[in-house]
Amino acid sequence: KLVFSDKVMETLDPCVVLMKSLISQYAHLWEDRGGVYSLAQGVVYWEPPPCTTQAISNAINEPQTYALHTYCPDEGLPEFRETLKEKIAQQNGLTNHDVMVTAGANQAYTNCVLTLLSQGDKCVVFKPYYFNHVMAIQMTQGNDAVVVGSCDDHGIPDLEWLKSALQNDQSIRVVTLTNPGNPTGVSLERAVLQQAVDLCAKYGVWLVLDTTYEHFDHINANSVPGVPFAGFPDEHVIHIFSFSKGYALAGFRCGYVVLSNEGKLGTEAYKQMLKIQDTIPICPSRISQVAAMGALSAGRDWVHDKVNTLDIGRAAIFEALSPLEPIMGGTGAMYVMAKLPDGMDDQEVARQLVEEFGVALIPGSFCGFPGWIRVCYSNLPPKECQIAASRLAEGIRKICNEL
């Protein structure tokens with residue numbers, strides 16, 4: 001009898017795929033009204049910087065120099081990795097660190113899970129969580145390996161709970177934090193992060209910091225003098241970065257994982273992670289790295305100018321959600337979460353919003369937060385985001401009035 005993996009079977013379904021399917025189901029109802037506006041998937045509306053296209057063009061026109069058709073080193077192109085080392089030193093305050101280029105931040109996180117967790121080990125996430133983090137743990141280690149802590153209504157993880165969990169469960173080997181937060185939309189203060197860093201150090205646990213949204217720290221919670229988005233140099237802290245958001249290279253699938261090379265711990269982790277890298281992608285795509293290196297040359301200010309255009313859409317979304325409380329987010333990343341009235345099914349509300357109001361979002365139950373919704377305000381240009389927000393506002397008012 002042919003069977004499927006128990007681990008994969010118990011893994012969460014990919015919610016973005018489900019929402020796209022829902023949009024397709026009702027798209028015909030909105031064809032003459034501008035279509036369904038998606039506030040679901042976390043993408044940006046802008047295109048990559050022009051220097052990206054130029055870099056790709058140069059590489060295509062110089063095949064002998066760039067050899068785009070060939071494998072590169074498992075860890076990435078040497079010149080790109082050196083550029084990234086300069087970037088993390090200047091922009092993240094991380095010196096004495098090594099870089100491994102991956103097929104996006106999701107592969108970087110999966111590399112961490114496969115490298116750091118043994119049979120029977122566990123990994124902490126905080127709800128509302130990023131669904132793909134949980135999925136990576138589930139499909140590789142099983143659902144029992146996922147330990148879920150909570151955030152308060154302001155998106156702050158319960159670190160007192162974490163302290164107790166680390167004291168009482170020696171099988172916890174990894175803690176995951178996403179900052180700025182997906183799906184919370186919250187930028188955590190450095191004091192909160194430092195407490196998590198210290199707790200993990202005390203109990204001998206890895207801390208994986210997914211900083212995919214480093215350019216979306218709207219309140220500059222993570223800046224220190226001379227460093228726009230500061231990381232943590234501790235050897236037990238692993239950072240994940242991505243080109244998908246700020247530089248709009250989501251389709252190129254280019255991210256990177258950063259590990260300390262000051263001591264034996266980080267060096268050995270990097271060495272072991274190369275086994276994962278060689279097995280899954282073998283190596284990152286050359287053309288994606290060329291594109292990312294070109295985009296990086298545009299500079300951080302280019303990204304910030306784009307991010308600043310999100311203020312209009314964010315304000316419109318806050319206004320649309322104002323009948324709901326509490327509301328979480330808006331200080332980081334590209335999300336706002338809001339709690340629906342008690343007893344409401346967030347997945348049914350999401351379906352109703354698509355069918356009747358032509359706007360899509362992510363149900364909170366996909367993030368371990370049933371009864372909430374997650375709204376993205378970056379995937380549409382400001383004027384279109386305002387239209388989507390007006391549809392959302394109408395839907396929220398009707399839902400609330402029906403109670």
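The values are calculated or read from the model by the stated rules, or taken from the named source; none is laboratory data. Just so we're clear, the structure is a prediction, and the values are computed from it rather than from any experiment. FYI the Cβ positions are ideal-geometry reconstructions off the backbone, even for glycines, and counts take in every protein chain you see. Just the protein is used for accessible areas: all its heavy atoms, side chains included, with ligands, DNA and RNA removed. Shrake-Rupley method; radii C 1.70, N 1.55, O 1.52, S 1.80 Å.
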- Message: Keeping all protein chains in place and using 1.4 angstrom, which order do Met139, Met9 fall into by accessible surface area, from largest down?
- Response: Met9, Met139
- Query: Along the charge dipole of the chain, Cβ charges K/R +1 and D/E -1, which of Ser187, Leu2, His236 sits furthest on the positive end?
  - Reply: Leu2
- Note on the structure: log10 I(q)/I(0) for segment 331-389, Debye formula on C-alpha points only (no solvent), q = 0.12, 0.15, 0.17, 0.22 Å⁻¹, two decimals, reads -0.29, -0.45, -0.57, -0.90
- Query: When the Karplus curve 6.51 cos²θ - 1.76 cosθ + 1.60 is applied with θ = phi - 60°, which whole-Hz ³J(HN,Hα) does each residue of segment 335-352 get, with x for Gly and Pro?
  - Reply: 10, 10, 10, 9, 8, 6, x, 3, x, 8, 7, 5, 6, 5, 4, 4, 5, 4
- Message: Using DSSP to call loops (not H, G, I, E or B), can you name the GluC sites (Glu not before Pro) in segment 243-320 whose Cβ has at most 15 other Cβ atoms within 10 angstrom?
- Response: Glu262
- Protein-only accessible surface order, largest first, of Val36, Val224 at 1.4 Å: Val224, Val36
- Asserting the computed 222 nm helical MRE of the chain (DSSP H runs at least 4 long, -39500 (n - 2.57) per run, divided by residue count, to nearest 500) equals -13000 deg cm²/dmol
- Cβ-Cβ FRET estimate between Asp152 and Gln194, R0 fixed at 30 Å, reported to 0.05: 0.95
- Task: With +1 on each Lys and Arg Cβ and -1 on each Asp and Glu Cβ, and nothing else charged, work out how big the dipole of segment 1-99 is about its Cα centre, in Debye to the nearest 20.
- Result: 240 debye
- Query: Taking the Cα centre of each part, how many Å lie between segment 201-264 and segment 351-370?
  - Reply: 30 Å
- Which value, in Å² rounded to 10, gives the accessible area of Arg173 with a 1.4 Å probe and all protein chains present? 70 Å²
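Given a cut-off of 18 Å, name the pairs among Lys163/Lys339; Lys127/Lys202; Lys163/Lys202; Lys122/Lys163; Lys20/Lys339; Lys306/Lys383 whose C-alpha atoms lie farther apart than that in the structure shown.
Among Lys163/Lys339; Lys127/Lys202; Lys163/Lys202; Lys122/Lys163; Lys20/Lys339; Lys306/Lys383, the Cα-Cα distance tops 18 Å for Lys163/Lys339; Lys127/Lys202; Lys20/Lys339.
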- Note on the structure: With DSSP loop assignment and no more than 15 other C-beta atoms within 10 Å, the chymotrypsin sites (Phe, Trp or Tyr not before Pro) in segment 291-371 are none
- Query: Put Tyr71, Tyr256, Tyr66 in order of accessible area, largest first, 1.4 Å probe: what do you get?
  - Reply: Tyr71, Tyr66, Tyr256
- Hull-based mean projected area of segment 167-264, where the convex hull spans the alpha carbons, in square nanometres: 7.7 nm²
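Against the globular-protein guess of 2.2 N^0.38 Å, express the Cα radius of gyration of segment 20-84 as a ratio, rounded to two decimals.
Taking the Cα Rg and dividing by 2.2 N^0.38 Å, one obtains 1.83.
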- Report the antiparallel proportion of the DSSP beta bridges in segment 133-286 as a percent, rounded to a multiple of 5. 40 percent
- Could you give the size of the charge dipole of segment 273-336 about its Cα centre, using +1 on the Cβ of each K and R and -1 on the Cβ of each D and E, expressed in debye and rounded to the nearest 20? 340 debye
- Task: May I ask for the Rg/Rh ratio of segment 299-361, computed from Cα atoms with Rh as the Kirkwood radius, given to two decimals?
- Result: 1.07
- With label points built 7 Å along Cα→Cβ from the Cα atoms of Ser322 and Lys1, find their separation and express it in nm. 5.8 nm
- When you have a sec, figure out the Kirkwood radius of the chain from all distinct Cα pair distances and drop it here in Å to one decimal? 21.9 Å
- Message: With N set to the number of residues, divide the alpha-carbon radius of gyration of segment 1-112 by 2.2 N^0.38 Å and report two decimals.
- Response: 1.57
- Value of Rg/Rh across segment 232-306 [Cα atoms, Kirkwood radius]: 1.03
- Task: Determine ³J(HN,Hα), in whole Hz, for all residues of segment 359-370 in sequence, where each value follows from phi through the Karplus function 6.51 cos²θ - 1.76 cosθ + 1.60 and θ = phi - 60°; x replaces Gly and Pro.
- Result: 9, 10, 8, 9, x, x, 4, 6, 10, x, 10, x
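Largest first and in whole Å, what are the equivalent-ellipsoid semi-axes of segment 78-126 based on the Cα gyration tensor, each being the root of 5 times an eigenvalue?
26, 13, 10
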- Using a 1.4 Å probe on heavy atoms of the protein chains only, the accessible area for Cys376 in Å², nearest 10, reads 0 Å²
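Quote to one decimal, in nm, the extra length available between Ser297 and Ile387 on full extension: 0.36 nm per residue of separation minus the C-alpha distance between them.
Taking Ser297 through Ile387 to full extension adds about 29.0 nm, to one decimal.
Using the Kirkwood formula on the Cα atoms of segment 215-371, what hydrodynamic radius do you get, in angstrom to one decimal?
In segment 215-371 this quantity evaluates to 19.1 Å.
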- Task: Under 1.5 on a/c is rounded, so check that first for segment 286-403, then, if it is not, pick prolate when a/b is larger than b/c and oblate when it is not; a ≥ b ≥ c are the square roots of the alpha carbon gyration tensor eigenvalues.
- Result: prolate
- Task: Grab every C-alpha pair in segment 85-207, bin the distances at 5 angstrom width from 0 up to the longest one, and report whole percents.
- Result: 2, 10, 20, 22, 23, 16, 7, 1, 0
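What size of dipole, in debye to the nearest 20, comes out for segment 245-403 about its Cα centre when the only charges are +1 on Lys and Arg C-beta atoms and -1 on Asp and Glu C-beta atoms? Don't skip to the end; give the middle numbers.
On the way: 16 positive and 17 negative charges, 140 e Å.
Magnitude of the dipole: close to 680 debye.
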- For Lys127, list long-range residues whose amide hydrogen, built 1.01 Å from N in the peptide plane, is under 5 Å from its own amide hydrogen. Gly149, Ser150, Cys151
- Message: Once ligands and nucleic acids are excluded and a 1.4 Å probe is used, how much of Lys20 is accessible, expressed in Å² to the nearest 10?
- Response: 110 Å²
